[in-house]
Amino acid sequence: APDRARSSNLYRRGQRVFPAGVSRATIEKDPLPIYLERGEGAYVVDVDGNRLLDLNNNFTTLIHGHGFGPVVEAIGDVLRQGTCFANPMEHEIALAELLVSRIPAVEHVRFVNSGTEAVMYALKAARAFTGRSSIVRFEGAYHGAYDWAEAGQNGVGESGVSGRRLPKLGYTGAPKAIADSVIVVDFNDASGLDAAIAPVAADIAAILVDPMPSRAGLLHPSADFIAALSATARKHGILIIADEVLNLRQGFAGASARYGLEPDLVVAGKIIGGGFPIGAVGGRADIMAVFGADDKAPLVSQGGTFSANPVSMIAGRIAMEALTPGAFDRLEELGDRVRSGLAQVISKRGVPFSVSGAASLFRVHPKKDLPANYRAAQMSAQEASTMRALSRHFLAHGILLPFGAAACLSTPMTTAEMDRIVAVFDDFLAQGEPSDGD
Ligand code: PMP
């Protein structure tokens with residue numbers, strides 16, 4: 001087994017200063033966190049000297065992998081010239097121009113520091129523009145930590161007065177009123193959508209939708225579902241907010257364009273910062289005017305000490321410029337190769353697994369048939385233990401495979417890495433399912 005002595009020591013130190021020993025809830029600890037020393041393109045090196053293929057890429061952020069040359073070079077100068085200012089710079093205009101030119105729904109844009117913040121401002125903008133306060137979101141989709149965005153990310157709970165199943169709130173003690181203003185519906189449920197919305201439509205500001213929500217299964221949106229969502233939104237004067245924080249990486253124009261969704265607002269993050277903290281909300285100019293117009297005070301005040309800092313702006317623009325249509329095509333070919341390779345191994349061995357995803361993303365499910373939605377994608381204890389064993393098997397073979405979320409590719413990867421992923425999966429299946437203690 002690989003040596004983890006240094007990681008183990010660092011974890012003991014971390015346990016003295018962090019709740020649960022780590023700095024983020026999302027850090028995998030099975031059985032202990034793996035502390036990294038550095039990254040090198042598609043790989044990371046841990047503090048014990050193990051080299052690992054990185055299929056996490058900081059939760060799908062690093063589409064060019066680690067230490068991307070053009071970004072490293074450009075950032076060197078920025079560090080000497082100053083990393084944040086209270087005045088605007090040309091760099092933020094250049095990144096905004098790139099997003100406006102690529103993403104059809106984006107006419108105007110504002111930058112913030114995280115996807116959470118960007119989702120929050122998109123929801124505030126929709127509320128200010130419509131004068132309504134409720135939102136619709138899809139069960140199990142992750143949209144960051146804003147109270148209204150996280151309600152429903154772990155499903156629905158008890159019934160409310162209306163008989164409607166209320167979203168589980170993000171944390172114990174969250175105001176119950178949040179649940180009353182968040183309508184949770186099933187992803188891909190084209191026929192149920194309007195019925196769920198119509199009775200309360202007059203107070204709904206926005207439908208918040210990730211076109212392929214990772215934690216809800218990383219499932220393709222059906223064309224019927226996209227059509228129903230659009231028709232319902234238009235009929236009731238509800239705005240569509242596409243959360244593309246993760247899925248903008250699905251193509252040159254993003255995920256909505258790929259699936260025929262025409263959102264009013266788009267939220268981005270992750271890849272557009274080139275490896276530095278970022279979030280963005282963009283969309284129709286008349287809606288974005290809630291953040292200010294020449295002749296009006298803003299309806300929603302959006303600031304942020306580090307918003308549009310030159311480091312994120314420059315790194316983001318350079319990383320995005322390197323993502324040409326050809327680069328996206330190449331990532332898509334790699335993604336197709338790994339998804340079809342995994343599917344072939346599954347059918348060859350006749351085991352109850354399936355593979356979802358698109359473009360540079362994939363997710364393995366411990367289910368014979370692809371789940372239809374979040375609830376169907378929930379794992380039994382047995383299935384979860386199988387998936388933990390799978391992640392451990394990958395780790396033992398030098399690959400970081402995220403548990404219960406999207407695995408992602410980066411541009412430094414080649415067909416050799418895709419074939420290795422498939423071979424390691426085949427090897428796992430060949431050994432039979434190890435028990436939880438392995
Ligand atoms: N929305 C989606 C779809 C995401 O995947 C994430 C991050 N995983 C967020 C919002 C929140 O972004 P951040 O972590 O930058 O706050």
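The values are calculated or read from the model by the stated rules, or taken from the named source; none is laboratory data. The model shown is predicted, which means the values in this text are computed figures rather than measured ones. Backbone-built Cβ (ideal geometry, glycine too); neighbour counts: all protein chains shown.
Are there any pairs, at least 6 apart or on different chains, whose C-beta atoms fall under 9 Å, with the first in region 130-147 and on the phi > 0 side of the Ramachandran plot and the second near the ligand (Cβ under 9 Å from one of its atoms) and assigned to a loop (DSSP other than H, G, I, E, B), and if so, which? Once the first residue is on the phi > 0 side of the Ramachandran plot and sits in region 130-147, its partners that are near the ligand (Cβ under 9 Å from one of its atoms) and assigned to a loop (DSSP other than H, G, I, E, B) give GLY140/PRO213; GLY140/ARG215; GLY144/SER114; GLY144/VAL245. Of the residues TYR142, TYR171, only one is within 26 Å of the chain's Cα centre (by Cα), farther than 17 Å from ARG375 by Cβ and aromatic (Phe, Trp, Tyr); which? TYR171 is the lone residue from the list that is within 26 Å of the chain's Cα centre (by Cα), farther than 17 Å from ARG375 by Cβ and aromatic (Phe, Trp, Tyr). Number of residues in region 15-34 that are farther than 23 Å from GLY144 by Cβ and crowded, with 18+ Cβ neighbours inside 10 Å equals 1. Listed by position, the strands (runs of 3 or more DSSP E) inside region 133-196 whose residues that are more than 24 Å from LEU218 (Cα to Cα) and in contact with a Ser or Thr (Cβ under 6 Å, 6 or more places away or on another chain) number at least 1 are 134-138. Restricting SER360, SER307, SER354 to residues that are at pLDDT 95 or above, in contact with a Cys (Cβ under 7 Å, 6 or more places away or on another chain) and surrounded by 15 or more Cβ atoms within 10 Å (Cβ to Cβ) narrows the list to SER360. Determine whether LEU229 is without any contact (Cβ under 8 Å) to a residue 40 or more places away in the chain, surrounded by 17 or more Cβ atoms within 10 Å (Cβ to Cβ) and within 20 Å of TYR142 (Cα to Cα). Considered against the rule, which asks whether it is without any contact (Cβ under 8 Å) to a residue 40 or more places away in the chain, surrounded by 17 or more Cβ atoms within 10 Å (Cβ to Cβ) and within 20 Å of TYR142 (Cα to Cα), LEU229 comes out as yes.
Of everything in region 232-283 that is of a type in the set (Lys, Arg) and within 11 Å of the ligand (Cβ to nearest atom), the residue that is farthest from the chain's Cα centre (by Cα) is ARG249. Counting residues in region 154-166 that are surrounded by fewer than 16 Cβ atoms within 10 Å (Cβ to Cβ), polar (S, T, N, Q) and within 28 Å of TYR259 (Cα to Cα) gives zero. With respect to the conditions (1) acidic (Asp, Glu); (2) modelled with pLDDT under 95; (3) not assigned by TED's automatic domain parsing to the domain that holds CYS84, ASP295 lacks only one, and its number is (3). Within region 218-226, can one find any residue that is without any contact (Cβ under 8 Å) to a residue 40 or more places away in the chain, more than 16 Å from the ligand (Cβ to nearest atom) and either buried (at least 24 other Cβ atoms within 10 Å of the Cβ) or not in a helix (DSSP H, G or I) (or both)? Within region 218-226 (the criterion being without any contact (Cβ under 8 Å) to a residue 40 or more places away in the chain, more than 16 Å from the ligand (Cβ to nearest atom) and either buried (at least 24 other Cβ atoms within 10 Å of the Cβ) or not in a helix (DSSP H, G or I) (or both)), the answer is yes, since at least one residue qualifies.
Yes/no per residue for (1) in contact with a His (Cβ under 9 Å, 6 or more places away or on another chain); (2) small (Gly, Ala, Ser); (3) under 19 Å from TYR374 (Cα atoms):
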residue	(1), (2), (3)
TYR146	no, no, no
SER214	no, yes, yes
ILE226	no, no, yes
ALA242	no, yes, yes
GLY251	no, yes, no
